[in-house]
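Engineer: There's a structure below that I have some questions on.
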Amino acid sequence: MRILITGGAGFVGSSLCIRLKEKYPQYSIIAFDNLKRRGSELNLSELRRSGIEFIHGDIRNSEDLDAVGGFDVLVEASAEPSVLSGLSSKPDYVINNNLTGSVNCFNACLAHNAKIIFLSTSRVYPIHTLEKALYTETETRFQLNHQQSVEGLSGLGVSEKLNLFGARSFYGATKLASELLIQEYSEFYNLQAAITRFGVIAGPRQMGKTDQGVVTLWMAKHYWQQSLKYIGFGGEGKQVRDVLHIEDVIDLIDLQIHNIEKFNGHVFNAGGGIDNSVSLQELTEHCRDITGNTIHIDKEVQNRSADLRIYITDNTAITAHCGWKPKRDIRSLLTDVYEWMKRDEKQLEAILK
């Protein structure tokens, strides 16, 4: 099998390339990346050592994809993943990359009779609808109530039944538009596809920033003993996300690559779930315990654009459909990130510190 992974030098892409090559050494794995995100260049040497072909290209240019040649599967892991992208400046880049670039990927799949694994996002769900979730404020977090007034919301989190009408961010809008186009390609061109709306993903190789990769950022600030800030919702750090270990993502994509018929024609949520949910306050406690470092954390009461009080993934549908569910907990995830930083400290210091 020949597998093309776009965004192949990034966090999800490089992790997936290396694990697939380890498990299936007879496969040809191609990492395709424009190296725009700082830190992605650090993964190139490990990709080479693992026997993975690297192609420097951009999904916005169809000619770059044409130059790859034939392949059996395309994993679309390239994206401008920042929710803030396009909110304070023109949205051209996020639209061109996440929508036009994805269309180029779909067309490349048609040209080679290949199937596509599309990594979508929980950010397709509208902000104002999510903010209607009923919650209780505890000492360390905002907690979802078991009884909710909106279909698609429950004590377990957000399911695929949540209404999609409303604004969500340019990032979320481009991903949702790509999902809709995949459905057209599947209906009229018989493109086989797996679409998954992932929540927060974290783990080693993630170059965390304030607007994307906050779990890694939190650990990095503790590791190098720098200050942080709780932003929005009163500045108390009670906002909550569920977090999914990158290895659990890889397990699911592996299943999708080899059982596309189970996923074709469906859209599923996949995340850490209620058991792997954490507030920023609780994340601080974990990072303090693991690193042994206590850092200063400022408070900013004002909310950021497109921010959410709570997002937790309800995995009920995907678990019932194919049996997948997260195997790694939040503590083991954070420990893995810490060990990675300790191991590659000199390389990572210039980027994460």
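Engineer: How much of the pair distance distribution for region 200-336 lies past 25 Å, counting alpha-carbon pairs only, in percent?
Structural biologist: Beyond 25 Å sits 31 percent of the P(r) for region 200-336.
Engineer: Go through Thr335, Thr121, Thr100 and say which Cα lies farthest out towards the positive end of the charge dipole of region 2-352; charges sit on Cβ, +1 for Lys and Arg, -1 for Asp and Glu.
Structural biologist: Thr335
Engineer: So how do 4-14, 109-119, 267-277, 302-312 stack up, highest first, on mean other-Cβ count within 10 Å?
Structural biologist: Going from most to least packed, we get 4-14, 267-277, 109-119, 302-312.
Engineer: Taking 0.36 nm per intervening residue step and subtracting the Cα-Cα distance, what contour gain separates Val150 from Tyr93 on full extension?
Structural biologist: Here the answer is 17.1 nm.
Engineer: Could you compute the FRET efficiency for Leu164 and Glu300, with r as their C-beta to C-beta distance and R0 at 45 Å, rounded to 0.05?
Structural biologist: Taking R0 as 45 Å, the efficiency between Leu164 and Glu300 is 0.90.
Engineer: Taking every alpha carbon pair in the chain, what does the distance histogram look like in 20 angstrom bins from 0, in percent?
Structural biologist: 31, 61, 9
Engineer: To the nearest 0.05, what FRET efficiency results for Asn61 and Lys229 with a Förster distance of 41 Å applied to their C-beta separation?
Structural biologist: Between Asn61 and Lys229 the formula returns 0.60.
Engineer: For the chain, calculate the relative contact order in percent as a whole number, restricting contacts to Cα pairs under 8 Å that are 6 or more residues apart.
Structural biologist: 18 percent
Engineer: State the Cα centre-to-centre distance between region 221-283 and region 180-215 in whole Å.
Structural biologist: Cα centres, region 221-283 to region 180-215: 13 Å.
Engineer: Also, I was wondering about something else. Please work out the FRET efficiency for the pair Asn107 and Tyr135, using the Cβ-Cβ distance as r and a Förster radius of 51 Å; give the result to the nearest 0.05.
Structural biologist: Computed FRET efficiency for Asn107 and Tyr135 comes out at 0.75.
Engineer: Divide, for region 76-225, the radius of gyration over alpha carbons by 2.2 N^0.38 Å, where N is the residue count.
Structural biologist: Its radius of gyration relative to the 2.2 N^0.38 Å reference: 1.19.
Engineer: Could you order the peptides 64-71, 160-167, 331-338 from most to least packed, using the average number of other C-beta atoms within 10 Å per residue?
Structural biologist: 331-338, 64-71, 160-167
Engineer: Taking 0.36 nm per residue of separation and subtracting the Cα-Cα distance, what length does fully extending Gln183 through Thr100 add?
Structural biologist: That pair, Gln183 and Thr100, stretches by 28.3 nm at full extension.
Engineer: Next question, about the same structure. Mind giving me the nanometre distance, one decimal, between the label points for Arg2 and Lys346, set 7 Å out from Cα along Cα→Cβ?
Structural biologist: The modelled label-to-label distance comes out at 3.9 nm.
Engineer: On the first, second and third principal axes, largest extent first, how far apart are the outermost C-alpha atoms of region 142-244 in Å?
Structural biologist: 54, 37, 22
Engineer: Length gain on complete extension for the stretch Lys262 to Lys23, per 0.36 nm per residue less the alpha carbon to alpha carbon distance?
Structural biologist: Length gained between Lys262 and Lys23: 83.9 nm.
Engineer: Something else now. Quick one: putting +1 on the C-beta of Lys and Arg, -1 on the C-beta of Asp and Glu, what dipole do you get for region 2-352 around its Cα centre, in Debye to the nearest 20?
Structural biologist: That gives a dipole near 340 debye.
Readers should treat all values here as calculations from the given coordinates under stated rules, not as data from a laboratory. All values reported here derive from a predicted model rather than from experimental measurement. Cβ sites come from the backbone with ideal geometry, for glycine too, and all protein chains shown count toward neighbours.
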